Amino acid sequence: MKLSPAVMAGSLAVRQGIDYNAPPPNLSTLPDRSLFDTWRPKAHVLPPTGHIGDPCMHYADPETGLFHVGWLHLGAAGATTDDLVTYRDVNPEGLPFIVEGGKNDPLAVFDGSVIPSGIDGKPTLLYTSVSYLPIHFTIPYTRGSETQSLAVSRDGGRTFAKLEQGPVISGPPFAANVTAFRDPYVFQSSKLDAELGSAPGTWYVVISGGIHGDGPSQFLYRQHDPEFQYWEELGQWWHEPANTTWGNGNWAGRWGFNFEVGNVFSLDEQGYNVEGEIFTTLGVEWSPEPIVPQFTQFHDMLWAAGNISTSENGTVKFQPTMAGKFDWGRSAYAAAGKELPATSKASQKSGAPDRFLSYLWLTGDFYGTLPFPTNQQNWTGALLLPRELSVGKIRNVVDNELVRETASWRVVSTNQSGVVELVTLKQEIAREALAALTSNASTTATIEPGRTLSEPGVVPFQKVPDSKFYVITATLSFPKGSRGSDLRAGFQILSSDYESTTIYYQFSNESIVVDRSNSSAAAKTTDGIDTTNEAGRLRLFDLAQDGSDGQQDQIESLKLTIVVDNAIVEVHANERFGLGTWVRSWYAASREIRFFHDGNGEVTFGDVTVHEGLYDAWPERNGSN
């Protein structure tokens, strides 16, 4: 976004008036926009200014090879990328490509998804058109609130023109007392084609919601005609009893009362495959009992994989075989993805196969429940780095009680020597973005000598990063006796004498913890800056190793990638764990990194590397092109 010299000079003067070496004032008393750069990331996706909502409406344009990434913003806006690293706004100033105000959507445009070659071979958007508000699972549903409508782009995604007609899906199934009926997601599936006798390449739609007093659901529809005007209702292909859990709830939270933002796609070990195993990512809304009307604080972002079958009455059903948290961060939600073919520009550059990429929303004010100093910052929220999804295998796992659980994995093979192979959802930062983060020309890589710690305490890194933009990669190894102990080990980041954030693995409950209790001096002077601890479960399995004295067992190593993009911190581990959160350090000196050890036991830190600098995701906005 280009600012006039006068605005830039005034804004700079205001920012220079803030002393980041002194204790923070009450930030809500500062001038508007004075905190614009204080916590703004540079490698993440977000609009030039203002609030970002759900990621949605992504697609790979077959005509240009560009990948379009969309999000809710003044309607819906977006950007294109040819490398999954740098982005270009589809419209100047980040203006939207579709807005509310039509016959079908007088009040709002909610999430939708795009058929890349739809009507007339053009990108065709199926989205939720909103006519009545409020809508919430805790209150009665107003009939006609949410319908599903079409829009087509004929100018490369800069605008999506709504069709001059009524909705193509005008309401929920007959007599269904729904909690919601929104976020249509279009997809193709060879398994559904075979199960339902559909023509190969048929499009399907899942719409998210639930039934009052019964539980959350995904509603399934099938394409009926080539022009996408009619969609055949196939019922609730997936339903869970209200507020129940997958297993004991440790690995996937609870199903809640209402599903949102459901995506359905098929994966194999290489990536996206229309004939692969069926997965879904979904947001869930839940509430402790008794339910508080329109209270929106409780969300989980989950994934599930499963089988499909057809009942005697011809209804197709989805039955999960494993489920987990897609992101463990309390502010990370509303994931949306799309297949990225090998023929796209990004994939041609990197040599990647057909893939499925997903982006998550990191809400900046905890779903609007915190009085964050929004005017002073002049932007709220961002999207986490794109994640590349595939079927993941964990091999050479000892067959013991640790693997025999209803969890985010399942056993797929067993041999006579007591070793099993597990399958789960593999998720990692998209290869192009990760390569740019760790090998970009502007990045400085510092190798920190490895060490073994056995006593509680912190040990500073030899070099302090020059900024708050860096990536840490490391491998932590633990002796077998660590399981069940009080051992905790990891790193402190964004640290100084005044602030620090500790990221560690603890064996007592098999969790990665982000201790934010001392992360922000500003939280002590200003309401709305959340410093609640974050945590997510990760089981490190016993792995069979071939030793000189026969087969030995060893605890799986913890392989960490920690991305620090100013205030956004992403923790990725073992290709199956993700946690995104905010760490709003205040002091300029809060740049140190330290080794952290607590409890009884030994930990070895290896392959510790700090990559400084990151990359600029928006070179045109920031005038560096």
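Readers should treat all values here as calculations from the given coordinates under stated rules, not as data from a laboratory. Worth saying up front: this structure is predicted, and the values here are computed from it rather than measured. Here Cβ is always computed from backbone atoms with ideal geometry, including for glycine, and neighbour counts include all displayed protein chains.
For the charge dipole of the stretch 34-123, defined by +1 on Lys and Arg C-beta atoms and -1 on Asp and Glu C-beta atoms about the Cα centroid, which residue among 59, 41, 74 has the Cα displaced farthest towards the positive pole?
41
Starting from the Cα-Cα distance between residue 393 and residue 602, subtract it from 0.36 nm times their residue separation and give me the gain in nm to one decimal.
The residue 393-residue 602 span can extend by a further 72.4 nm.
Give the order of 473, 244 when sorted by the count of other beta carbons within 10 angstrom, beginning with the fewest.
Result, fewest neighbours first: 244, 473.
Report the far tail of the P(r) of the stretch 446-612, meaning the percent of Cα-Cα pairs longer than 24 Å.
Of the Cα pairs, 34 percent sit more than 24 Å apart.
Where nothing but the Cβ of Lys and Arg (+1) and of Asp and Glu (-1) is charged, how large is the charge dipole of the stretch 341-451 around its Cα centre, in debye to the nearest 20?
300 debye
Could the peptides 484-494, 521-531 be put in order, highest first, of the mean number of other beta-carbon atoms found within 10 Å of their residues?
484-494, 521-531
Taking the alpha-carbon set of the stretch 329-414, what are its Rg and Dmax in Å?
Computed over the Cα atoms of the stretch 329-414, radius of gyration and Dmax are 19.2, 58 Å.
If you put +1 on each Lys and Arg Cβ and -1 on each Asp and Glu Cβ, how big is the dipole of the chain around its Cα centre, in Debye rounded to 20?
Computed charge dipole of the chain: roughly 840 debye.
How big is the Kirkwood radius of the stretch 489-535, worked out from every pair of different alpha carbons and given in Å to one decimal?
Value: 11.3 Å, from the Cα pair sum.
If you rank 464, 563 by fewest surrounding Cβ atoms within 10 Å, what's the result?
464, 563
Once Lys and Arg get +1 and Asp and Glu get -1 on their Cβ, which of 581, 505, 540 lies farthest toward the positive end of the dipole of the stretch 446-612?
Final value for the positive-end residue is 581.
Could you run the Karplus curve 6.51 cos²θ - 1.76 cosθ + 1.60 with θ = phi - 60° over the stretch 526-538 and give me ³J(HN,Hα) per residue in whole Hz, x for Gly and Pro?
Residue by residue, the stretch 526-538 yields 9, 5, x, 9, 6, 10, 5, 5, 10, 7, x, 8, 9 Hz.
Please report the relative contact order for the stretch 557-625, taking Cα pairs under 8 Å with a sequence separation of at least 6, and give it as a percent rounded to a whole number.
Rounded, it is 17 percent for the stretch 557-625.
Looking at the stretch 279-316, which chymotrypsin sites (Phe, Trp or Tyr not before Pro) are DSSP coil and have at most 15 other C-beta atoms within 10 Å of their C-beta?
Taking the stretch 279-316 and a limit of 15 other Cβ atoms within 10 Å, the loop chymotrypsin sites (Phe, Trp or Tyr not before Pro) found are 295.
So for the chain, averaging the separation of alpha carbon pairs under 8 Å that are six or more residues apart and normalising by length, what relative contact order in percent results?
For the chain, the relative contact order is 14 percent.
On a straight-distance basis, which lysines could pair with residue 162 in a cross-link, Cα separation under 17 angstrom, same-chain partners fewer than 8 positions away excluded?
103, 122
What nm value, rounded to one decimal, do you get for the distance between residue 275 and residue 483 when each label is placed 7 Å out toward the C-beta?
Between residue 275 and residue 483, the label points sit 3.9 nm apart.
Want the number for residue 232 to residue 74: 0.36 nm per residue separation, take away the alpha-carbon distance, what's left?
Full-extension gain reported as 53.7 nm.
Taking the highest mean first, how do the peptides 413-423, 251-261 order by number of other beta carbon atoms within 10 angstrom per residue?
Averaged packing, sorted descending, gives the order 251-261, 413-423.
What is the extension gain from residue 307 to residue 343, computed as 0.36 nm multiplied by their sequence separation minus the C-alpha to C-alpha distance, in nm to one decimal?
Taking residue 307 through residue 343 to full extension adds about 10.0 nm, to one decimal.
Aspartates and glutamates near residue 524 by alpha-carbon distance under 12 Å, same-chain residues fewer than 8 away left out - which ones?
Straight-line reach from residue 524, under 12 Å: 499.
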